[in-house]
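Take a look at the structure below.
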Amino acid sequence: MSATVLTASALLLDMDGTLVNSDAVVERCWRRWALRHGLDPEAALKVVHGRQGYATMAVLLPDRPVEENYADNRVMLAEETADVDGVVPVGGAPAFMAAIADLPHALVTSADSALATARMTAAALPMPAVRVTAEQVGASKPDPEGFLKGAAELGFGPAECIVFEDSEAGIAAGRAAGMRVVGVGPRAAALSPDAHVEDLTQIRVETAEDGTIRLHISAA
């Protein structure tokens with residue numbers, strides 16, 4: 001079995017699709033929303049992952065006033081936060097989070113704080129001490145703002161960080177931030193990340209004496 005080794009000083013972790021499998025609730029909520037607005041649910045689901053809700057709505061309803069998207073997004077967040085049925089950890093996530101517990105890492109998610117807490121709790125995963133949620137950024141992924149803020153809060157430059165992401169918007173944000181990207185799951189496979197894994201069971205974490213993080217990534 002071949003393996004790739006990537007080194008970094010800090011890790012920046014997306015949540016949905018990367019640490020937490022929330023596809024069931026995301027699809028339930030967005031299917032209802034699409035039908036309410038006369039849209040094809042299947043077409044809508046192709047663009048919802050990775051972005052904040054208002055940004056997805058702007059793509060799907062480009063002529064709608066942005067204020068309506070923000071208002072609708074608040075309703076959507078409340079629905080998603082209340083619905084954790086089927087929210088589970090991505091394969092290998094508990095062991096991966098345990099392995100990096102004492103290493104520099106941050107959560108960088110398009111969810112707001114309440115939704116992030118609900119989903120990490122439902123998946124029984126520890127919430128990183130450093131996190132960048134929707135409230136803390138002015139622009140949604142694929143804008144790099146969230147990842148750049150996470151790196152700055154950890155005290156490292158972009159080139160020292162590795163991003164873990166599953167979506168097109170998230171991988172684009174990591175690249176725009178000047179960071180290397182490990183793609184997680186099926187959505188990431190076709191997006192040419194620096195490395196790709198089906199889930200986090202394919203990653204083994206080591207720490208060098210100087211604190212450098214070494215990620216051993218096994219081939220699928």
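Given H placed on each backbone N at 1.01 Å, which residues far from HIS105 in sequence or on other chains put an amide H within less than 5 Å of it?
LEU11
Order of 130-143, 57-70 by packing, highest average Cβ count within 10 Å first?
130-143, 57-70
Find how much the distance from ARG64 to ALA176 grows on full extension, using 0.36 nm per residue of separation minus their present alpha carbon separation; answer in nm with one decimal.
37.6 nm
If you find the alpha carbon centre of segment 154-220 and of segment 33-90, how far apart are they in angstrom?
26 Å
How much of the accessible area of the chain, probe 1.4 Å, is carbon plus sulfur, in whole percent?
Values: 5130 of 9540 Å².
About 54 percent, which is the carbon plus sulfur part of the accessible surface.
Express the accessible area of segment 1-89 per residue in Å², computed with a 1.4 Å probe while the remaining protein chains stay in the model. Intermediate values should be presented prior to the final figure.
Numbers: 4210 Å² over 89 residues.
It amounts to 47 Å² per residue over segment 1-89.
The values are calculated or read from the model by the stated rules, or taken from the named source; none is laboratory data. The shown structure was predicted, so the numbers you read here are calculated from the model rather than taken from an experiment. When we count neighbours, we look across all protein chains shown, and the Cβ atoms used for this are built from the backbone with ideal geometry, even at glycine. Ligands, DNA and RNA are excluded from the accessible area calculation, which covers all protein heavy atoms including side chains. Shrake-Rupley method; radii C 1.70, N 1.55, O 1.52, S 1.80 Å.
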